[in-house]
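Here the structure comes first, spelled out in structure tokens, and everything after it is commentary.
None of the figures in this text is laboratory data; all of them are computed from the coordinates on show. Computed from a prediction, not measured in an experiment: that's the story for all the values here. Note that we place each Cβ from the backbone using ideal geometry, even for glycine, and neighbour counts take in every protein chain shown.
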Amino acid sequence: MDLFLHQLLAGIATGGIYACLALAVVMIYQSIDHFNFAQGEMAMFSTYIAWQLLAWGFPYWPAFAATVVISFAGGVAIERLLFKPIRNAPVLSHIVVFIAMFSILNSVAGFTWEYTIKSFPSPFPSTPLFGNRLIGAHDLGMVGITLVMLVLLYVLFRHTRLGLAMRAAAANPDSARLVGIRVGWMVALGWGLAAAIGSVAGMMIAPIVFLEPNMMLGILLYGLAGAVVGGLTSPIGAVLGGFAVGIIENLAGTFIPVVGKELKLTIALVLIVAVLMVKPSGLFGRTAVSRV
Amino acid sequence: MSAHLAVRGLKAFYGQTQALHGLDLDLEEGGITALLGANGAGKTTVLRAICGMIRSEGEIQLDGRGIGGSTVEDVVRLGVAHVPEGRGTFVRLTVEENLELGAMIRRDRAAVAGDIERVYAHFPRLKERRHQQAGTLSGGEQQMLAVGRALMLRPRVMLLDEPSFGLAPLVVAEVFEILKSVNKSDRVSVLLVEQNAALALEFADHAYLIETGRIVMSGTTAAIGADENIRRAYLGY
């Protein structure tokens, strides 16, 4: 029982990582209808920016805030410079640009900051909270920050006119233009938000997996699994999906002898395939209902 | 009466194909003008060109100001509301969100809330379904929603693309009655594209006949409706 509880909490902790990234994946999927392969690398690059600011002597939270702002601007710039010109191009062109971005960001980060593994500080105390030793303070803090981001997004999308305009622009660009929404800027804003969320995810993940250009490779797969499990259209689904993937991964790795440590990554893929087969819109995704 | 919207020598292309061949059209302030013609004559293209959805050549003037070459978003800001072919419903959003979107560019939030109630007064069925996904509405209800969304702009010009398409006669009558009352009370100029010529001639005060991208006839609806030869040749009744 103790082992089970231990693994469950560890699952929630790693689930927090996946939830963070799944949230960023869903954000961009919502606004451009494609899955951004470079999402993980964007987050990694943002984390390096934070690391650089810290190395220059900035205190943690100002560096954190500056990184989020810089990432937001960077996300908007990527959309304006790279994706706006190919907006009407076929999906394949987008995918090629995603892959290009992936390797460019990866190489530039490696070139600028070297491939050696760096440690990244956590803003949370290293002593266990509330005297319990089951879950670390950083894990709890990460879960908390993920939930805060989720609430902020919920408020933005459900209770502000800007959020409504963004949803409309994503769902039906032609109609959105007809009511005067500047669809191009809404897409750019979606990129900015995704980059900002990704930067937070990166800064939360880096203290655990350490900072290096390939830190996001495996995690992006889990994050995508989380997003698919929850439904690519639902931010809250993505977060819950992320936690679910973390928990399932940990429990399966511990209690199913065949899986063990080696097959853990496979679980993410199995989950993706299973969900897509049984419920393609995900557990929380909305299926569009329409009469024809 | 001055021309609220004036179109001169309008040409439009779909790729290599020319869809409009230099077309003139005037919309009277506060009037209802119908654009009639067969399938593929270019009626929808005229509306799309006016509101900037497609690129066009020629002159388009609103209140004497050239708006040709403007983007859709900017034309909307001048008070031109377009109820597109297929209604343009945001199917995943609720009825009320659809209406709010119609007023997206307006800054007078208090008045917007009042206007939503006004649309509900026009179309009580929309009020019953205000929190429902708009995609679940029937065709007639979606058409009401499309008209309601356009009204939320407090438009000065309304472009209507076949509002009667696929609707039961009773619903058509309901929608047109409300359009007429708004046209009167708000002095909105209406440009109506219709395949149902009898209906359009009854509703509008001026009409243009369009054939393969050219205007072949224009005049008051009374004159056009009275001319049996025109009716036989172009309107099919």
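Sites count as exposed loop sites when they are GluC sites (Glu not before Pro), lie in a DSSP loop, and have at most 16 other Cβ atoms within 10 angstrom; the longest stretch of chain A without one is A:115-261. Rounded to 0.05, the FRET efficiency of the residue A:111 and residue B:109 pair, given R0 = 41 Å and the Cβ-Cβ distance, is 0.20. For residue B:127, a cut-off of 18 angstrom between C-alpha atoms picks up these aspartates and glutamates, skipping any fewer than 8 places away in its own chain: B:96, B:97, B:100, B:115, B:117, B:141, B:174.
Rounded to the nearest 5, what % of DSSP beta bridges with both residues in the protein assembly as shown are antiparallel? Don't skip to the answer; put the middle values down first.
Values: 25 of 43 bridges.
Antiparallel bridges: around 60 percent, rounded to the nearest 5.
The gain in end-to-end length when the residue A:52 to residue A:80 segment is fully stretched comes to 7.5 nm, 0.36 nm per residue minus the alpha carbon separation.
Write out the trypsin sites (Lys or Arg not before Pro) in the stretch B:154-212 meeting two conditions: DSSP loop, and at most 13 other Cβ atoms within 10 Å of their Cβ.
B:187
For residue B:59 and residue A:119, a Förster radius of 60 Å and the Cβ-Cβ distance give a FRET efficiency of 0.35, rounded to the nearest 0.05. Sequence-distant contacts, meaning Cα pairs under 8 Å at least 6 residues apart, place the relative contact order of chain B at 28 percent. Using C-alpha pairs under 8 Å with a sequence gap of at least 6, the mean separation divided by the residue count of the stretch A:225-267 gives a relative contact order of 27 percent. Of interest is the spacing of the C-alpha centroids, which for the stretch A:156-224 and the stretch B:140-162 amounts to 32 Å.
Kindly provide the helix-only [θ] at 222 nm of chain A, computed as the sum of -39,500 (n - 2.57) over DSSP H runs of four or more divided by all residues, to the nearest 500 deg cm²/dmol?
Helices in chain A give a 222 nm mean residue ellipticity of -24000 deg cm²/dmol.
Between residue B:229 and residue B:186, the FRET efficiency estimated from the beta carbon spacing at R0 = 35 angstrom works out to 0.45. Peptide B:75-86 is shielded by partner chain Cβ atoms: per residue, an average of 2 of them sit within 10 Å of its Cβ. The orientation-averaged shadow of the Cα convex hull for chain B, equal to a quarter of the hull surface, comes to 12.5 nm². With the simple spin-label model, which puts each label point 7 Å out from Cα in the Cβ direction, the residue B:128 to residue A:88 separation comes to 4.3 nm. Among beta bridges from DSSP that stay inside the stretch B:156-237, the antiparallel ones total about 55%.
Contact order normalised by length for the stretch A:136-249, with contacts defined as Cα pairs under 8 Å and 6 or more residues apart; what percent is it?
This gives 17 percent for the stretch A:136-249.
Qualifying trypsin sites (Lys or Arg not before Pro) in the stretch B:83-123, where qualification requires a DSSP coil assignment and no more than 10 other C-beta atoms within 10 Å, comprise B:107. Beta bridges assigned by DSSP with both partners in chain B are antiparallel in approximately 55 percent of cases.
Residues in the stretch A:114-127 carry Karplus couplings, in order, of 6, 8, 5, 6, 10, 8, 10, x, 9, x, 9, x, 8, 7 Hz; the curve used is 6.51 cos²θ - 1.76 cosθ + 1.60 with θ = phi - 60°, and Gly or Pro positions show x.
Between amide H atoms placed 1.01 Å from N, distances below 5 Å from residue B:94 occur with B:134, all of them 5 or more places distant or on a separate chain. The helix-based estimate of mean residue ellipticity at 222 nm for chain B, built from -39,500 (n - 2.57) per DSSP H run of four or more residues and divided by its residue count, is -10500 deg cm²/dmol to the nearest 500.
Summary of the geometry: the stretch A:13-75 and the stretch B:6-85, compared by the centres of their Cα atoms, lie 45 Å apart. Partner shielding of B:156-169 amounts to 0, given as the average count of beta-carbon atoms from other chains within 10 Å of each residue beta-carbon. In the stretch A:168-222, what chymotrypsin sites (Phe, Trp or Tyr not before Pro) fall in a loop by DSSP, with at most 16 other Cβ atoms inside 10 Å? When the chymotrypsin sites (Phe, Trp or Tyr not before Pro) of the stretch A:168-222 are filtered for loop state and at most 16 Cβ neighbours within 10 Å, A:210 remain.
Per-residue mean of foreign Cβ neighbours for A:164-177 is 5 (Cβ atoms of other chains, 10 Å radius).
Summarising the amide proton neighbourhood of residue B:11: residues at separation of 5 or more, or on other chains, whose placed amide H is nearer than 5 Å comprise B:22, B:23, B:57, B:58.
Amide H contacts for residue B:67 (H built 1.01 Å from N in the peptide plane; partners 5 or more residues away or on another chain; cut-off under 5 Å): B:60, B:61, B:62.
Strictly over 30 Å apart at the Cα level, which of A:118/A:261; A:118/A:279; A:84/B:11 would you flag in this model?
Result: A:118/A:279 exceed 30 Å.
Evaluating 6.51 cos²θ - 1.76 cosθ + 1.60 at θ = phi - 60° for every residue in the stretch A:11-26, the Karplus couplings come out as x, 5, 4, 5, x, x, 4, 5, 4, 3, 6, 4, 4, 5, 4, 5 Hz, glycine and proline recorded as x.
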